[in-house]
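Single-structure report; data block below.
The values are calculated or read from the model by the stated rules, or taken from the named source; none is laboratory data. Computed from a predicted structure; not experimentally measured. Glycine also receives a Cβ, built like all others from the backbone with ideal geometry; neighbour counts cover every protein chain displayed. Ligands, DNA and RNA are stripped out before the accessible areas are found, and what is left, the full protein with its side chains, is counted by its heavy atoms. Shrake-Rupley method; radii C 1.70, N 1.55, O 1.52, S 1.80 Å.
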Amino acid sequence: DQNELHDPGDSPDILVHPSIVTDADRRVNGQLDLRVQWKIRTLPASRTVRNITTNVAFAHYNSLDAPIPIIRNEELILLRAEANLGLNNLVAALEDINFIRVNSGGLPPTSQATLTELLKQKRYSLLFEGGHRWIDLRRYNRLDDLPLDRSEHRRNAAFPIPEAECLARGLQTCAAS
């Protein structure tokens, strides 16, 4: 099968919200988090889509046969950190958070085992891997952390249910959950 997330470099369709770069931590040498450097590329010219202008696009699926992971060890480590944070095992959570910061991001360790730090590491480690950020922010009632670029933009709190699915179940209308 071909990787349908491959986006040719000459005219990318899978653009990156500018906040991904501006919110990223910097390494000791001032360069961006390694995950940003690996997954994102700067475009030769800015593009505007839905009134949002960006000069960055995704780059980590650079061929039609690039593998798409289902789950990676990095995600499992972050899930363990999340579980330990929820259990108030802050030392264990911090150890996992710092393992990811140092080894995946090239960042210095942090002294903070907080939900905000964990969500940031998940944001960059799982960037473009299945909508993890929205799911995490919804689960922790933090959808307000998502940027709104224009007054007419909104944050969706639920996925719409396809009409065909509702009709197949004999429902006239579906309420999103």
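Tabulated data
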quantity: Output for segment 68-101, where each listed residue is of a type outside the set (A, V, I, L, M) and modelled with pLDDT under 95; calculated: Pro69, Arg72
quantity: Near pairs, Cβ below 6 angstrom, 6+ apart or cross-chain, from segment 21-41 (of a type outside the set (Phe, Trp, Tyr)) to any residue that is in a helix (DSSP H, G or I) and open to solvent by less than 40 Å² (accessible area, probe 1.4 Å); calculated: Ala24/Val36; Asp33/Tyr124; Arg35/Tyr124
quantity: Residues of segment 55-99 classified as β-branched (Val, Ile, Thr), surrounded by fewer than 19 Cβ atoms within 10 Å (Cβ to Cβ) and either assigned to a loop (DSSP other than H, G, I, E, B) or touching a Leu at 6+ places or on another chain (Cβ under 8 Å) (or both), total; calculated: 3
quantity: Tally of residues being small (Gly, Ala, Ser) and over 17 Å from the mean Cα position of the chain (by Cα) across segment 131-157; calculated: 1
quantity: Residue under evaluation Phe128, criteria (1) in a helix (DSSP H, G or I); (2) of a type in the set (A, V, I, L, M, F, W, C); (3) within 14 Å of the chain's Cα centre (by Cα), criterion not met; calculated: (1)
quantity: Segment 128-177, subset within 28 Å of Ile70 (Cα to Cα) and of a type in the set (S, T, N, Q), residue surrounded by the most Cβ atoms within 10 Å (Cβ to Cβ); calculated: Asn156
quantity: Among (1) open to solvent by 90 Å² or more (accessible area, probe 1.4 Å); (2) at pLDDT below 90, the one test that Thr22 misses; calculated: (2)
quantity: Selection within segment 83-98 - under 16 Å from Thr110 (Cα atoms), within 21 Å of the chain's Cα centre (by Cα) and hydrophobic (A, V, I, L, M, F, W, C); calculated: Leu85, Ala93, Leu94, Ile97
quantity: Residue within segment 118-141 that is among the polar types (S, T, N, Q) and within 23 Å of His153 (Cα to Cα) present; calculated: yes
